[in-house]
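Have a look at the structure below before the remarks.
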Amino acid sequence: MISINNKICIRKEFCRYVFQCSMKRGTIKKINDALKFLMLLVFIVIPIDGNSAGPPSYLPDGTHPRIWLTSEVVAGLKAKKAAAKPEWTALQNRLDVFFINYDTSHQTAFDSNYAMYSWPGGSGYVGSGFYEAIVSAGLAYHTLKGPNYGTVSATADDIKAAQYAAWAFSLMDRLINKYSAGEEKDGVEFIRLSDNKSSQMVTFNADEALAAHANGFVYTTNGNQAYKSGYAARALAMIVPIFYDWFYNDPLMTTELKTTLYKMMYRHIDWYNAVRSEYNNGVLINGVRYHEDNFGKDANGNSVPGACTGINNCNVPKPESYKAYGYGNPGGVGRIGSNFYEPYVGLVMMNAVAAYGDAPQVDADRYLDYAKSLWTQHKAVLSNPTGFKGGDSLEGLGYNSDWHELLYGVLALNTATGLDTWTGFDFPKEFVKNYIHNTDPTLTYQMYRSSIHTPQNSAYWLHPVADSLNTFSHILRNHYQSSDESKQLQHFLNTAKLSPRAHYWENFLFRNNAAATKDFASEPLSYRSEGTGIVTTRSTWNLLSTDAVTAQVVLGGVFNVDHQAQNQGALLINRGQDQLLSRLMGTNKLGDETSYGQNSIIFADGGADGYGLITRQSRDSGMTSGTPTSATPVTPLIDRFVESGTFMYVSADVSNVFKGVNNYKLASLFRRSVLHLRPGVFVVYDVTRSDPVNSSALTNKNKKAWITHFEADPVIDQGGRNISATVGASKIFIKGLYPAGGTYTTTNQTASANPSFASAFYRVKYNPPVTQEFDQFLHVIEATGKSQETMTKTVSIDVSTNNMRGAYIADDKNLANNWVALFTADPNGALVNSEVKYLIPAEAGYSDPYGRAPKKIIVDLLPSTDYTLIGPKGKLDFPGDTSSRGKNASQEYTLKPGAFPNEGRVYPTSSQGVIFIDNLTWTGK
């Protein structure tokens, strides 16, 4: 082999050297003959990039690699390798598994059913196994490759790097051949695969499918797909820009291959957007181009409907197939927050920066400008309280929006162009806050796991984002260095019981176990994601506690994603790892009452068509049914939120979110208020109204049901309106205070649930005694240890003025922890601005015999307004008064709008219309 100034002059000799050394060293079993032949065909002179550290080089003149792998990052990877860090060892072991599978099974498995690389043994979800293989090989390649790579002075590490490169090129060659359609190497199947199959060849053009079959191409479908997916943007399509960028300077990367790859990258963007272009020009079969749209060319070359003739075949009957599913409807805007759309946006950014410099300049600039415009759009929405501010996504309770896939692209845009994508963008920090708060007390699982068909306690629903938390950690360490979130995330990664399945490449590339940490002790006990309305609350940050109580309520307003509608108002309560108020899993259809899975309210008895208020379309019907009808977020629904340390209070009317999802409403009012009295008591108050217009044709239009789910057979006391259930070491009690009466129905849903997460599963449905347009529900829930035999004494408060409704919780073991909670009784939920008179009963065990007033939380008052609280004997004195007046007597209180200091104590309400009063004593006049 001849070397001149670090340039390979004879590829044949280079390849021979690599193979001979690899066989001698036994690092891989063999490289197949087809790959050898491919590499021996071409003679070319290519400079070798040694990745020497230096100042960043940005577009338009930047060098490769430019996606994530700055010189500083590569230097860090080499340092991990030099220090024999376990992340490096794990990555190499993973690659050895890939090598063995490649040698032993690729001739059959790859070509037949693609069962090659995955978790643990296949091509993976939409090609994610192939994605992991290419990325892993690329990282190892850059970690090992040194300045003598490809020369006679090549080291053992250089030779190993060359083996990884040769293997990656072989795999990429096969992928291009298998994922192209028709007679050209167009790579269209990298992006147009259906949701979950790595071996499907799909099209919306029935004529294309017929022509393909007639000419020896095997398609899975015949033009009858329900929608144009583009879901493979999250994995298979992302292989292309990473491979192109990371192996750009390798001797095996020919000019012809570069051209093929950058054209594929641009095609993927245009295909998703339904844009005809030089890059996205249909599928060529036997001289005819088959398009997945109905736009042909007129005499002037303009795209127009109905001009598909001759060699242009545009047989697509469904207009929704023009653009990919991430757009929601024909001509629509991208559905920000959809896990179909976010990976595509990340892909656009990666494609645009990877291909820049080889494509025609006008095209390179255009696609890069498009990538930047998508980032501008996203930054605005992810920073807006009417969007996704707060760091969450709302696609059901278990789906996440693949924000990490978006951030892959944002990070690439930053490392390639130098564009400051972080200043003024708090979403990564907010996401971390939200994620930590949504993890259970034992740091084992997420509160909002799947509500579709996945075991509730499975780590599967922790790991999709848990793996990518390394990505967030890298971004926070490098771009938000002084933030608490960066340190707290590292503490979480070091402490949480993450899924054993990990992305080895992310651990190696992004993780830093030596980074600074900070615990969660200073965190508030609750967190609200402003845009999506997911609120979590806990009793303590005493991690790994088995008696810590956590809860979550969903009161959000975003409806521009289609997995979202089933969870509004949903409430979950856990104690330790015991899921006390759970949700039904394992069902694919959650809209109808028989499979309804959330702890909330059903309206119209499920509806004539099986839909209650809390519903969702079947998983992929959003396009064909014409819903969702809007991609515009509604105004944030949570208008009252208070965190005091002693309690958390949140309230929202969630009824209007469903206009966009089902095209009709069964409820015109559904305000859910949740009050967490720490450690383990919850007061839940619901104000509801059936929609008198949209539900008028339904037989049961006014029938409502209050739903709860348990992972143990509950005990029901119909007359006392009590429910209890023991789960693990914990117990849950639920006391219905309003309305009185009504009926409970318990159904065993175990057969409907996934048996891998619960041996039993029960639904309890409460129907009020009267079917009417307006209904209110008041319940008190207690989460405690299983040794507690009965619920803490709880009664309804008698309000003689009938304008408020309330609960009295009397803890006879801790008299200072007695509570009064009062809510508006107005049927429309109107705020109270009139005198309120209420009575705390004197029955033994309920009234404090020493005359102390219980703690009070009074809500639904006018904000920032004075109210006067008048006690049983007259004037309310200060805490610490030991007077025994009022002893063993019923205590009547009056809450009077206005400031009357001579009659009682004056309390101004907060901006949320809330008054909180701690334990006080009374003195008479």
>> What are the ³J(HN,Hα) couplings of segment 235-245, residue after residue, when phi is run through the Karplus curve with 6.51, -1.76, 1.60 and θ = phi - 60°? Round to Hz, x for glycine and proline.
In response: 9, 4, 5, 6, 4, 5, x, 5, 4, 4, 6
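Listed here are the pairs LYS228/LYS372; LYS228/LYS429; LYS258/LYS433; LYS263/LYS487; LYS228/LYS263; which of them are more than 30 Å apart at the Cα? Before the final figure, lay out the partial values.
Details: LYS228/LYS372 25 Å; LYS228/LYS429 34 Å; LYS258/LYS433 42 Å; LYS263/LYS487 42 Å; LYS228/LYS263 21 Å.
Over 30 Å Cα-Cα: LYS228/LYS429; LYS258/LYS433; LYS263/LYS487.
Accessible area, 1.4 Å probe, largest first: how do MET238, MET791 sort?
Values: MET238 0, MET791 35 Å².
Heavy-atom accessible area, descending, gives MET791, MET238.
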> If ASP440, ASP207 are ordered by their accessible area, calculated over protein heavy atoms with a 1.4 Å probe, which sequence runs from highest to lowest?
Replying inline: ASP207, ASP440
> Amide H of ARG640: which non-local residues (sequence gap of 5 or more, or other chain) have their own amide H closer than 5 Å, using H built in the peptide plane?
Replying inline: SER651
>> At 1.4 Å probe size, what's the solvent-accessible area of VAL820? Round to the nearest 10 Å².
In response: 0 Å²
> To the nearest 10 square angstrom, what accessible area does TRP819 show with a 1.4 Å probe?
Replying inline: 10 Å²
> Which order do ASP918, ASP811 take by accessible area at a 1.4 Å probe, largest first?
Replying inline: ASP918, ASP811
> Can you pull the accessible area of PHE916 for me, 1.4 Å probe, Å² to the nearest 10?
Replying inline: 70 Å²
>> Residue by residue through segment 522-527, what is 3J(HN,Hα) from phi via Karplus (6.51 cos²θ - 1.76 cosθ + 1.60, θ = phi - 60°)? Round to whole Hz and write x for glycine and proline.
In response: 8, 6, x, 7, 9, 8
> Could you give me the ³J(HN,Hα) list for segment 152-166, computed from phi with Karplus coefficients 6.51, -1.76, 1.60 and θ = phi - 60°, whole Hz, x at Gly and Pro?
Replying inline: 5, 8, 4, 8, 4, 5, 4, 5, 4, 4, 5, 5, 4, 5, 4
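The values are calculated or read from the model by the stated rules, or taken from the named source; none is laboratory data. From a predicted model like this one, the values you see are computed outputs, not experimental measurements. Note: accessible area is taken over every heavy atom of the protein model, side chains too, but ligands, DNA and RNA are not part of it. Shrake-Rupley method; radii C 1.70, N 1.55, O 1.52, S 1.80 Å.
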